[in-house]
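Asker: First, the structure itself, so that you have it in front of you.
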Amino acid sequence: MNLSAFLNLIITSEDIPYLGMLRVRIYVIRAGSDDPRKSTGLKLVRKGFAERVTPEQTLPHCVVLLTVFTDEVLSPLDRDAISRCGIAVVDSSWKRDIERIRRVSTAWRGPKRILPALVAGNPINYGRISLLSSAEAIAAALYIVGYTEESLRILSLFKWGKTFLDLNRELLEAYSRASSIEDVLRIQREFLISKGLVPP
């Protein structure tokens, strides 16, 4: 079965149980003031895909934190670190909690990575560049470092999961095939140029 057929199966079937451990440890650092019932990160916790932690809790120093407050872009080269130690995301509101995200990121002593440019598929920030939900960010990171099945399993929990994939499939595939950080940055720049967001 090719990727397109598998993707369609895993996103559209409601009968496939996805509960249980993934091959990658996922940590949701809950630091937000938004409605917990609408939190995509907490939904991953409830479904058994992630572990909820507070900003005060100490995680292994090798866990990779996804954050906008770093210049180091995520690439397939981060697979080993994510495989060994896991990945973390700060679960909070873009509008109300940006300073909390900054504080958590500044205090983080392990590796920090920013995702390359992608388009949000969630209904709150649909179509906006890089304003991803916690679940979108985790799924994108897993896809880029080669954990495609885990990425699709996470997105299958959300009605807009297939929308996110439809918007970003080519980009995610391109990022996941990059052989260096420079490749990722080149792909990102070409995308941003195509959207008129940076000069050619």
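Asker: What is the chain's relative contact order, in percent, from Cα pairs under 8 angstrom and six or more apart in sequence? All intermediate terms of the calculation are to be shown ahead of the outcome.
Answerer: Working: 331 pairs, mean separation 45.5, N = 200.
In percent, rounded to a whole number, it is 23.
Asker: Quick one: length gained pulling Thr106 to Arg189 fully straight, 0.36 nm per residue minus the C-alpha distance?
Answerer: Details: separation 83, 0.36 × 83 = 29.88 nm, distance 2.64 nm.
Length gained, Thr106 through Arg189: 27.2 nm.
Asker: Using 0.36 nm per residue, how much length does the chain from Arg128 to Lys95 gain when fully extended, once their Cα-Cα distance is taken away?
Answerer: Residue separation times 0.36 nm, minus the Cα-Cα distance, leaves 10.5 nm.
Asker: May I ask you to list the residues of region 142-174 whose amide nitrogen lies under 17 Å from a point 7 Å from Cα along the Cα→beta-carbon direction of Ser83?
Answerer: 142-151
Asker: Straight-line reach from Lys159: which lysines have Cα under 28 Å away, leaving out those fewer than 8 places along the same chain?
Answerer: Lys159 reaches Lys38, Lys43, Lys47, Lys95, Lys195.
Asker: Two decimals, Cα atoms only, Kirkwood Rh: what is Rg/Rh over the chain? Walk me through the intermediate numbers first.
Answerer: On the way: Rg = 15.8 Å, Rh = 17.0 Å.
Checking Rg against Rh, the ratio lands at 0.93.
No lab work stands behind these numbers, since they all come straight from the coordinates. In this text the structure is predicted, and so the values were computed from the model without any measurement. All Cβ positions, glycine included, derive from the backbone under ideal geometry; neighbour counts span all protein chains shown.
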